[in-house]
Amino acid sequence: MSSYVIRGANILGETVSDIAIEDGVITAIGAGLEGDEVIDATGLVALPGLVDLHTHVREPGREDAETVLTGSKAAARGGFTCVHAMANTDPVADTAGVVEQVWRLGREGGYCDVQPVGAVTIGLGGERLAELGAMADSAAAVRVFSDDGKCVSDAVIMRRALEYVKAFDGVIAQHAQEPRLTEGAQMNEGPLSGELGLTGWPAVAEEAIIARDVLLAEHVGSRLHVCHLSTRGSVEIIRWAKGRGIDVTAEVTPHHLLLSDDLVRSYDPIYKVNPPLRSNDDVAAVREGLADGTIDIVATDHAPHPMEDKECEWSAAAFGMLGLETALSVVQQTMVDPGLLTWAEVAEKMSAKPAEIGRVSNQGRPLEVGEPANIVLVDPAATRVIDARDTASLSRNNPYAGLTLSGEVVATFLRGRPTVRDRALVEGVTV
Amino acid sequence: MTFTHLLSAGDLDRTDAIRILDTAEELLGLASRPIKKLPTLRGRTVVNLFFEDSTRTRISFEAAAKRLSADVINFSAKGSSVSKGESLKDTALTLQAMGADAVVIRHQHSGAPHRLANAKWTNGAVINAGDGTHEHPTQALLDAFTMRRHLGELEGKNITIVGDVLHSRVARSNALLLDTLGANVTLVAPPTLLPVGIEKWPVETSYDLDSSLEKADAVMMLRVQQERMNAAFFPSAREYSRRYGLDTPRLNRLPDHAIVMHPGPMNRGMEITADVADHVRSVIVEQVTNGVAVRMAVLYLLLGGAAGDSTTEEGTE
Amino acid sequence: MVASDDAPRADNSHAPARTVLDDKDISRALTRITHEILERNRDASDVVLLGIPTRGVHLARRIAKRMSEVEGRIITAGALDITMYRDDLRLKPARALEHTEIPDDIDGKIVVLVDDVLFSGRTIRAALDALNELGRPKAVQLAVLIDRGHRELPIRADFVGKNLPTSLVEKVKVALTESDERDAVDIQGGAA
């Protein structure tokens, strides 16, 4: 493996320095370093490779929408070196066999580490616990368990799951959605849902579950992770829980940081997502929550869908939007550019902390000598008009299409090998 | 006209709305003529695209289009490829290939007409004939037309709409149009059947029907479906009709000139008693007659001129 | 709106206008038309006057008033909107409809159509179609204030206030006090 020198990168937006990489490890940081290949990083910010705690890769089952390989490529283009693949595949990732298959496909692809998430209950049915221990003990070493897409709504099942995963330091990532309050729900419940005649999805359906779960986590002394929280009330509950010392972490998606429910006025299902886009006040609240540390991480909830599931009536369309390739730009635009987060804090929330929640030891490491060379170089001065066709994903359900976003990933290194270089995917990466 | 589709009653400004009503007024006379046909839309194709059963609305549009000499194609989801899973997009592309100048769409999903109009799957004018729990603009137009014939101009008139506002496309379109026309609208319903955010609508709301009767120039009763009862929107049909049904004692408390309306189909004995439905002050049958004239006016104004125009030129002849 | 004639043509509205008929000329022309209608149809009880909106209706009402004075009984004029029968609907935005008001059953009657300007003849063609669907008159006659020539259809007027040879680039504007500020017929454009 050749050695690289990244010349003149602005590390975490704090210090300009060269970074030398050899054999997949950062070997030196300083001025005037030399290597086989020199990569000019003048004006670029260097961050540790990003870690996504919430990705849907659709394999096995919907390989027409995304595969582990195409999802990995999209991740690399977005600056990610590790993604957590959600369990709602077909078959559901509720056995050691399925999670090992996904994990192995990720390793074979070589574009980023794919860390499977195991289902909490068999078939996401919410009734019987899946073999959580077997998945934890498998080659995939699953630590994050989630029925994402469905809520573990039964309080007893949730309690048992929270307790059970303590045995192997796992975490339950809850998709907080009270099912009865969201029957047939289509969009955020508010003045607009009434006007558009779409069944409302009340904030309380999310908040009630989060409130219950933080109290359950406190009661049984477990750690809890809350997926994609989207409302002001949810932020306030998490803030309260953390103040009380409850071991809870929370994520927000890029789309909930940028987009709001007035986009639904178009009835274009490109904006249909679960949880739904919320009000502008909620958008302001999740930005504040991310800035003040109430929300720990940004996770993409990258959810590929084929065109036919979006080119239809709103109510008939699938929930979900792409996110891996645009996440960092959205975070820059909504948080860094307005001065709400520094680049060092972005590294914390998009790399170190998600790796820590997921117990992935070799990801989310600091940019220091001796650490794995998982590095992303970002051009913060770039602006780009988002083109839905410009993607490594098999799907095109990109809600940012046509928008101008700031920042662009110039290069991504996974353990010392570039997966993205000169703003383009490196083809033919192999282990 | 300032619109190329009719998707929402909110698409109409006051000038447009009054123009439709005035045009309908002229066209209403046609029904009493020996030849009930005008040559105006000869060679134009109007497709009735009905994903949801509504014989009365389809017949009304069909009569309207035919009286304007348009070719009418009825495309019903039942017995068509839609029920076999063809997408709205493919259906629309088929209609486009058939040269539809206007698509009258009825759909169980809110916003389907918007998708059809805005996704550029068809070049034709799209007319919303009722979408999900969203809107039914031509119903609102025929209601306003009927009220205007009885009450005069609607500016300052008090219109009370009673019932399942939450699920009613008629209520939404009426609230928007009547506000545009300057009427004062009061929506009366149990709190469970008023949508969240109704305080942003240009209407008054009340939970009490009795307090809304004395000042009403028109009372419109909305259909309440029995199945709402099972979803706990109200405890029983009996309790609903006791609190929100229009019966003879309540009818007698209306001003003498007030009219009673219902968009149909009625649940006699639920939201309206049979006596009230058949009362001389009930204009429910007249609403149906007026529906044809109003839909003719909409079709004429959308299709009668050159495509894509917005204003009337004056003095260019 | 100048409801005179229909074919689209160059806009010369900024060119200086010259008045060819003033209020007295118009009054004399209408009086003469009234007498001609009465002479031609001796028994005026069969005559139904139908003006074509907008200015044709004003003219029909003025003629009806004159006829009433001569005959010593009230004669009313109706209005016949021809919008839905036009052959140029698709060339322009959808127009607002004018009011149609038929004072009497027209079956077996002599209908006198009244319009302000006769030009291509297409308006009258549309009016004949509209009449056809209202009933079967014994005869249809045409009275116009101005005949400016340039017919595109085999139609001629029975009663003409003034024959006004014009060029196609010119524009004839009829003003009547019912809808305008004054009574006058002006020509715009062309060689002033």
May I ask you to list the residues in the range A:185-213 that are under 18 Å from residue B:165 (Cα atoms) and either in contact with a Cys (Cβ under 8 Å, 6 or more places away or on another chain) or aliphatic (A, V, I, L, M) (or both)? A:185, A:192, A:196, A:198
Please report, ordered by residue number, the helices (runs of 4 or more DSSP H) entirely within the range A:129-240 with at least 2 residues that are within 30 Å of residue B:203 (Cβ to Cβ). A:191-196, A:203-220
Selection status of residue B:299, more than 14 Å from every other protein chain (Cβ to nearest Cβ) and out of contact with any Asp or Glu (no Cβ under 7 Å at 6 or more places or on another chain): no
Of the residues that sit in the range B:129-156 and are part of a loop (DSSP other than H, G, I, E, B) and more than 14 Å from every other protein chain (Cβ to nearest Cβ), which one is surrounded by the most Cβ atoms within 10 Å (Cβ to Cβ)? B:154
Any chance the range A:95-117 includes a residue that's assigned to a helix (DSSP H, G or I) and at positive phi? no
Please work out if residue A:260 is crowded, with 22+ Cβ neighbours inside 10 Å and either among the acidic types (Asp, Glu) or more than 14 Å from every other protein chain (Cβ to nearest Cβ) (or both). no
Is it the case that the range A:196-203 has a residue that's buried (at least 17 other Cβ atoms within 10 Å of the Cβ), over 20 Å from residue A:227 (Cβ atoms) and in contact with a Lys or Arg (Cβ under 8 Å, 6 or more places away or on another chain)? yes
Quick one: in the range B:237-254, which of the residues that are part of a loop (DSSP other than H, G, I, E, B) and touching a strand residue (DSSP E or B) at 6+ places or on another chain (Cβ under 9 Å) is nearest to residue B:154 (Cα to Cα)? B:254
Report every pair of residues separated by at least 6 positions or lying on different chains whose Cβ atoms are under 7 Å apart, first residue within the range A:265-285 and more than 13 Å from residue A:233 (Cβ to Cβ), second buried (at least 22 other Cβ atoms within 10 Å of the Cβ) and polar (S, T, N, Q). A:270/A:397; A:276/A:188; A:277/A:188
Looking at this structure, is residue A:119 touching a Phe, Trp or Tyr at 6+ places or on another chain (Cβ under 6 Å) and either buried (at least 24 other Cβ atoms within 10 Å of the Cβ) or under 30 Å from residue A:315 (Cα atoms) (or both)? no
Quick one: is residue C:182 more than 15 Å from the chain's Cα centre (by Cα), part of a helix (DSSP H, G or I) and either of a type in the set (Lys, Arg) or surrounded by 22 or more Cβ atoms within 10 Å (Cβ to Cβ) (or both)? no
Restricting the range B:259-287 to residues that are among the hydrophobic types (A, V, I, L, M, F, W, C) and under 15 Å from residue B:144 (Cβ atoms), the residue that is nearest to the other protein chains (Cβ to nearest Cβ): B:261
With the range B:25-119 as the region, which strands (runs of 3 or more DSSP E) entirely inside it contain at least 2 residues that are closer than 30 Å to residue A:187 by Cα and modelled with pLDDT of 90 or more? B:45-50, B:102-107
In the range C:120-132, is there at least one residue being of a type in the set (A, V, I, L, M, F, W, C), under 19 Å from residue C:25 (Cα atoms) and touching a Leu at 6+ places or on another chain (Cβ under 9 Å)? no
Within the range A:23-37, the residues that are surrounded by 14 or more Cβ atoms within 10 Å (Cβ to Cβ) and in a strand (DSSP E or B) are A:25, A:26, A:27, A:28, A:29
State which residue is surrounded by the fewest Cβ atoms within 10 Å (Cβ to Cβ) when the search covers only the range B:10-47 and only residues that are touching a residue at least 24 places away in the same chain (Cβ under 8 Å) and touching an Asp or Glu at 6+ places or on another chain (Cβ under 6 Å). B:45
Within the set of pairs 6 or more residues apart or between chains, which connect a residue that is in the same structural domain as residue B:278 (by TED's automatic domain parsing) and of a type in the set (Lys, Arg) inside the range B:206-231 to a residue that is at pLDDT 95 or above and outside any loop (DSSP other than H, G, I, E, B) with Cβ atoms less than 6 Å apart? B:215/B:158
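Results for (1) away from every other protein chain (no Cβ under 12 Å); (2) touching a residue at least 12 places away in the same chain (Cβ under 8 Å), shown as yes or no for each residue.
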{"site": "C:94", "(1), (2)": "no, no"}
{"site": "C:100", "(1), (2)": "no, yes"}
{"site": "C:118", "(1), (2)": "yes, yes"}
{"site": "C:144", "(1), (2)": "yes, yes"}
{"site": "C:161", "(1), (2)": "yes, yes"}
{"site": "C:181", "(1), (2)": "yes, no"}
Report the residue count in the range C:131-142 for those that are surrounded by fewer than 20 Cβ atoms within 10 Å (Cβ to Cβ) and either within 11 Å of chain B (Cβ to nearest Cβ) or under 23 Å from residue C:164 (Cα atoms) (or both). 6
Within 26 Å of residue A:331 (Cα to Cα), surrounded by 24 or more Cβ atoms within 10 Å (Cβ to Cβ) and in the same structural domain as residue A:410 (by TED's automatic domain parsing): is that true of residue A:75 in this structure? no
Of the listed residues (C:168, C:153), the one being touching a Lys or Arg at 6+ places or on another chain (Cβ under 7 Å), more than 24 Å from residue C:61 (Cβ to Cβ) and in contact (Cβ under 8 Å) with a residue 40 or more places away in the chain is C:168
Residue by residue through the range A:48-76, note down the ones that are more than 12 Å from the chain's Cα centre (by Cα), under 15 Å from residue A:374 (Cβ atoms) and not in a loop (DSSP other than H, G, I, E, B). A:48, A:72, A:76
Among the numbered conditions (1) modelled with pLDDT of 95 or more; (2) away from every other protein chain (no Cβ under 14 Å); (3) touching a helix residue (DSSP H, G or I) at 6+ places or on another chain (Cβ under 7 Å), tell me where residue B:126 comes up short. (2)
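This table checks each residue for (1) part of a loop (DSSP other than H, G, I, E, B); (2) modelled with pLDDT under 95; (3) within 17 Å of the chain's Cα centre (by Cα); (4) at negative phi.
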| site | (1), (2), (3), (4) |
| --- | --- |
| A:324 | yes, no, yes, yes |
| A:349 | no, no, yes, yes |
| A:382 | no, no, no, yes |
| A:402 | yes, no, no, no |
If I filter the range A:263-304 down to residues being within 14 Å of chain B (Cβ to nearest Cβ), crowded, with 19+ Cβ neighbours inside 10 Å and closer than 24 Å to residue B:117 by Cβ, which single residue comes out as farthest from the chain's Cα centre (by Cα)? A:267
Which of the residues spanning the range C:121-130 are within 11 Å of another protein chain (Cβ to nearest Cβ) and closer than 21 Å to residue C:33 by Cβ? C:123
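The values are calculated or read from the model by the stated rules, or taken from the named source; none is laboratory data. Keep in mind it's a predicted model, so treat the numbers as computed, not measured. Heads up, the Cβs are rebuilt from the backbone with ideal geometry, glycines too, and the neighbour counts pull from every protein chain shown.
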